[in-house]
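All remarks here apply to the structure that follows.
The values are calculated or read from the model by the stated rules, or taken from the named source; none is laboratory data. None of these values were measured; they are calculated from a predicted model. Every residue, glycine as well, gets a Cβ built from its backbone with ideal geometry; the counts of neighbours run over all protein chains shown. Only protein heavy atoms, including side chains, enter the accessible area calculation; ligands, DNA and RNA are left aside. Shrake-Rupley method; radii C 1.70, N 1.55, O 1.52, S 1.80 Å.
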Amino acid sequence: MKRLIIALALLACMGADVSAQGFLNRLKDRAIQTVQGKVENKVDQTVSEGMDEVLDGKKSDKKSKNSKNEDAEMVDVGDAADAVDVSDAAPSTATSSDFKRGSIIIFDDDVTAEQVGEFPSKWGMFQGTVETKTLGGVKAINLTDNAQVQPLIEQEGPYLPEEFTIEYDFYYWPTSSVPGNDGIGLNDMKMILAVTKDRSDFPGEGCDGGELTAFVLKHGVCNEQEHSYYFNGDKNGGFNYAFKKGWNHVALSFNKRALKVYFNDKRVVNLPHVNQPTWLCFQVPFDYINLTFIRNVVIAKGAVALYDRNAQDVSAVEKAIQETGKFVTNNILFDTGKATLKQESMIEIMRVADYMKKNPTARFEVQGHTDNQGSDKINDPLSQQRAEAIVKALEGLGVDGFNLKAVGKGSHEPVADNKTEEGRAKNRRVEFIKR
């Protein structure tokens with residue numbers, strides 16, 4: 001059993017988006033634990049029995065010494081969690097900053113009307129095992145055995161509208177909350193939005209749309225704070241957010257092209273351009289993880305309003321270049337003191353990219369300008385790094401890097417008075433100079 005646990009943990013971690021160094025550290029830790037296990041046989045036996053209960057569905061009348069609360073409520077989750085502390089299992093009621101649910105609900109399932117032990121009636125399944133179970137006194141949907149499921153939305157036309165919101169509560173188990181669990185992930189799940197021609201062409205492919213993927217949100221498995229996402233087929237990103245133990249609220253808003261994701265009261269993903277998705281499903285990729293629970297799934301028409309920061313359209317970019325030989329913008333923003341582009345800046349950068357792809361022979365000097373706050377020793381290299389970041393972003397959108405040159409101007413060429421905040425804001429700009 002011990003060898004099986006180690007193998008499963010290594011396979012899970014190798015499949016997750018974690019650094020090589022992190023993987024080596026975990027490998028080292030597991031090796032050390034194996035050696036210690038041979039010496040401390042009695043302790044090792046207790047740990048193995050604890051994991052047997054979780055992975056093999058064996059029940060034990062003994063209370064684990066690893067449990068933080070020996071009087072915690074033991075709940076019916078089938079074969080998964082007889083020895084798991086779920087004292088923090090209250091459903092989430094958190095709201096999400098600027099998130100606003102769509103105005104017309106097209107799917108709503110709080111699972112309360114479902115029968116425990118049966119497949120939830122408002123869902124369809126591609127594969128795996130899906131049942132209604134109780135967790136901490138509330139009903140929830142349990143996904144196991146590489147489950148791939150989809151809400152059954154009954155409406156005319158596309159499965160998902162042009163603008164929509166998705167919400168669900170997700171139960172998070174810290175790895176330490178399961179007696180005897182030594183790092184094996186319990187919360188690996190994907191929410192997949194895909195692009196399809198109609199309702200009939202995707203189910204045969206299962207949940208994972210491959211190149212058809214519009215957006216995938218993946219909750220981490222080995223790193224308790226790690227989450228990742230993929231969009232428009234092959235682009236990807238990641239972020240850290242520490243779920244609290246128990247129910248956490250996840251919300252997503254899509255408005256024609258802009259996609260935002262919220263965890264509890266914090267926005268964690270903000271993408272300015274994502275392909276229009278028409279299909280939704282949930283997937284649990286690892287068949288031995290049987291502690292994935294969701295509930296309170298709501299899908300609605302309507303979304304959070306677009307936020308363009310007065311970004312120029314392509315015709316305005318073209319007009320400025322024709323009239324002055326350059327395009328100047330204050331809408332490309334960076335993290336304070338860094339060369340890290342803010343997501344909302346991509347709206348403006350895409351305007352420039354569209355113009356350059358429409359005019360493939362156009363060549364530009366990309367100039368970064370700062371205000372006079374701080375010294376030249378800081379501002380000069382920072383403006384250069386920011387210009388380079390813009391060039392890299394344009395290349396990522398398909399612009400030929402040969403036609404771009406990054407130049408940092410620092411604060412040496414102001415266009416307004418640096419004595420006022422309004423003037424400094426005008427000086428913090430990017431100029432695309434046609435060469």
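Some observations on this one:
- Computed with a 1.4 Å probe on the full set of protein chains, the accessible area for Ile192 sits at about 0 Å².
- Listed peptides 356-362, 327-333 appear in the order 327-333, 356-362 once ranked by packing, highest mean of other Cβ atoms within 10 Å at the front.
- Mean-position separation - Cα centroids, region 379-395 and region 122-159, in angstrom: 46
- Cβ crowding within 10 Å averaged over residues, with 348-355, 377-384 ranked highest first: 348-355, 377-384
- Å² of accessible area per residue within region 289-435, as computed with a 1.4 Å probe and no ligands counted: 49
- Under-5 Å amide H pairs with His273, H placed in peptide plane, nonlocal only: Leu259
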